[in-house]
1. Among the residues of the stretch D:96-126, which ones are of a type in the set (Asp, Glu) and either within 18 Å of residue D:40 (Cβ to Cβ) or crowded, with 21+ Cβ neighbours inside 10 Å (or both)?
2. Does residue D:72 fit the bill of being over 27 Å from residue F:66 (Cα atoms) and more than 9 Å from every other protein chain (Cβ to nearest Cβ)?
3. Output the residues belonging to the stretch A:99-126 that are part of a loop (DSSP other than H, G, I, E, B), touching a residue at least 40 places away in the same chain (Cβ under 8 Å) and not polar (S, T, N, Q).
4. Given the criterion within 21 Å of residue B:135 (Cα to Cα), of a type outside the set (Asp, Glu) and without any contact (Cβ under 8 Å) to a residue 60 or more places away in the chain, identify the matching residue among B:47, B:70.
5. Could you go through the stretch C:44-60 and let me know if any residue there is farther than 30 Å from residue A:21 by Cα, charged (D, E, K, R) and touching a strand residue (DSSP E or B) at 6+ places or on another chain (Cβ under 8 Å).
6. Taking the options C:60, C:91, name whichever one is over 27 Å from residue D:129 (Cα atoms) and at the interface with another protein chain (Cβ under 10 Å from one of its Cβ atoms).
7. Output the residues belonging to the stretch B:64-95 that are open to solvent by less than 20 Å² (accessible area, probe 1.4 Å) and in a helix (DSSP H, G or I).
8. I'd like to verify a number: residues in the stretch D:40-51 that are away from chain C (no Cβ under 14 Å) and either under 13 Å from the mean Cα position of the chain (by Cα) or on the phi > 0 side of the Ramachandran plot (or both), how many?
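The values are calculated or read from the model by the stated rules, or taken from the named source; none is laboratory data. These numbers were taken from a predicted model, which means no experiment stands behind them. Cβ coordinates were reconstructed from backbone atoms using ideal geometry, including for glycine residues, and neighbour counts include every protein chain displayed. Just so you know, the surface numbers come from the protein's heavy atoms only, side chains and all, with ligands and any DNA or RNA stripped out. Shrake-Rupley method; radii C 1.70, N 1.55, O 1.52, S 1.80 Å.
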Number of protein chains: 6
Amino acid sequence: MKVTVNRKAHFNAAHRLYNPNWDDAKNKEVYGKCSNPHYHGHNYELIVSVRGEIDPETGFVMNLDVLRRIIEVEVEDYLDHKNLNIEVEEFKTLNPTAENIVIVIWNKIKAKLDQGLDLKVTLYETPRNFVEYSGD
Amino acid sequence: MKVTVNRKAHFNAAHRLYNPNWDDAKNKEVYGKCSNPHYHGHNYELIVSVRGEIDPETGFVMNLDVLRRIIEVEVEDYLDHKNLNIEVEEFKTLNPTAENIVIVIWNKIKAKLDQGLDLKVTLYETPRNFVEYSGD
Amino acid sequence: MKVTVNRKAHFNAAHRLYNPNWDDAKNKEVYGKCSNPHYHGHNYELIVSVRGEIDPETGFVMNLDVLRRIIEVEVEDYLDHKNLNIEVEEFKTLNPTAENIVIVIWNKIKAKLDQGLDLKVTLYETPRNFVEYSGD
Amino acid sequence: MKVTVNRKAHFNAAHRLYNPNWDDAKNKEVYGKCSNPHYHGHNYELIVSVRGEIDPETGFVMNLDVLRRIIEVEVEDYLDHKNLNIEVEEFKTLNPTAENIVIVIWNKIKAKLDQGLDLKVTLYETPRNFVEYSGD
Amino acid sequence: MKVTVNRKAHFNAAHRLYNPNWDDAKNKEVYGKCSNPHYHGHNYELIVSVRGEIDPETGFVMNLDVLRRIIEVEVEDYLDHKNLNIEVEEFKTLNPTAENIVIVIWNKIKAKLDQGLDLKVTLYETPRNFVEYSGD
Amino acid sequence: MKVTVNRKAHFNAAHRLYNPNWDDAKNKEVYGKCSNPHYHGHNYELIVSVRGEIDPETGFVMNLDVLRRIIEVEVEDYLDHKNLNIEVEEFKTLNPTAENIVIVIWNKIKAKLDQGLDLKVTLYETPRNFVEYSGD
């Protein structure tokens, strides 16, 4: 009897999409305005979903306060109000597309969860565009 | 060719989180403000999702008006404006965490659906915290 | 390592639910106000979800600008501000329930996607009623 | 000490924009796809806002259950699942733009409220376009 | 040149509507399920709106971090996870209708703002019912 | 008989808050993480509200398609995917706080509206923080 518990979070960041193997024209062609060298930014909204058995003692899959704290340290403190390309280790060599960001976040949270818990992360880059990753 | 049909509903209720096998200090430590003996409350928002084949005569997986009526009787009449711990049979012996509430609701709705229909229930305890249960 | 990318879209249309094999009384009994012969309408909101591997060169599952253009041609130009029963080929012989509409949309978008990409379409008929179809 | 109380409601309807004093080309030029002779439709969402003194006995500006019932009779029963141009008296001679619809609704609700209460109606034609009317 | 700055907040609480001058039958007649003696509850969502001149040095009407802190102390710490009727001083003698709650909140925040700043508070009792108070 | 018509729009941008008359420590103290020299960003969501008489011929306060086009040119083309501090003329000498951005947008749209129309602009910097300006 597995239940999924979900918690929302958010961070704001600047980024640009850019592939260093391409010249500027090719970057512009593929990424359009998203390759602006002066950066643009987003309010990233996050849904962190953890699936597992209910602990019969607590009635919880996991204490959401513990999950809230993991998200705070692993995601918010790490990414909020940052320039992803310049200030975040992973994106110095990885293009910060929504797809790549959601995998980086998933890996950081997964490492802090108890084994036996499944994780899915949903990342809204805008209210109209969002991505999901479940680790498979 | 299976389609999922979804319907939203809602109810308001008071509850507290409390494990009678623990003393007050332990309850406070695990549940924080949620163990307040005077209760607090939520606007619970619900998404009921039913998956099945489309009936070629009606073009419906199931008539949403029938589903609406099931939700009204099984969930809204049963839980709306109630104190879950005091007034709802199941929660006299079961801690009304979101996880446990979603399973109680799932069981009540599932018993009223035609066989061959899959059910998932999503329960928002707040706009930021929600749980999902699919019966497996 | 598969990621799902999602894009929202919308169109407005008129429709009525009607089964020509039934008399008016039976249509009224099954579909209620939705069988009004003078039509009623909806703001249909759409989430198009595409799942696949990330292209290591672009960092994209697929370019959302390409997906946006597919949705524009296949869904918005085709259905927006239309009377579904009268003006849309498929619904001249198919009852435009949300279930049937979502399958028509799914088929039209799927035909334009690269092989190896999975597709799910979520269609909101109202903010409270919605359907989902994944092609299986 | 005046407080505003607000209640949401909704109805679905078909309509077209059309000025009978103009030819089809002019209607098309001004209203675009909205003048489609076969109609299109919307989920109209409504916020009804009533401002007045708090009754010290009840603690209410007005009983929202009374307001809910007024909206049900005056708006929902009157407009829901209707073709506005064909089936609603006012719009047989009045173009059903959002601006004109909100005034018709305002007049119908205002006539049922106690004197001394101010009324504002907000009408969403789509989640992106909406109008407001306060009677002045 | 005055601008309004708005900040959202939220708290969860239990309450019941009850007038001690009336018998139970009259309370039930006026307040319906809301007079349940065992309480029910809500996720109260709040918008705090402050209007004033922009400070040319900071570019702010007021520092939202200061406003956030005022809301935290005056509203969230004071009302969150409380039983309003039992645990909150003002509502021991005042019926905790949304109208009365919004005035209590307005008074507490107003006392902490600089003179010359106008205040409006919007309080959602549910996503469908909300009240507004501006102090006049 | 004046009605307000509202239209939503959006743009994404990078910015930082910074007062060149202050040293870095003072900027950090007042603006916190928002003064990060590498920039951060937002999805700015916009509601443009125009109030005026209904034109009896069109049934419109103003044609929303004209308003949509004004917003596209004056706001979206001008600000979308830009670094506000570096690439937008006004913010080379004006701190891009939400308060200052909303006034810049208001001035640009107002200049394009017919006289006799009132304008209000609401700017969401995040889903939780927003500002409003009406020109007075």
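1. Listed by number, the residues that qualify are D:99, D:125.
2. yes
3. Those that are part of a loop (DSSP other than H, G, I, E, B), touching a residue at least 40 places away in the same chain (Cβ under 8 Å) and not polar (S, T, N, Q): A:112, A:113, A:114, A:116, A:117, A:125.
4. B:70
5. Yes, there is a match, as at least one residue in the stretch C:44-60 is farther than 30 Å from residue A:21 by Cα, charged (D, E, K, R) and touching a strand residue (DSSP E or B) at 6+ places or on another chain (Cβ under 8 Å).
6. Only one candidate passes the filter, namely C:60.
7. Passing the criteria: B:67, B:71, B:75, B:79, B:84, B:91.
8. Total meeting the criteria: 2.
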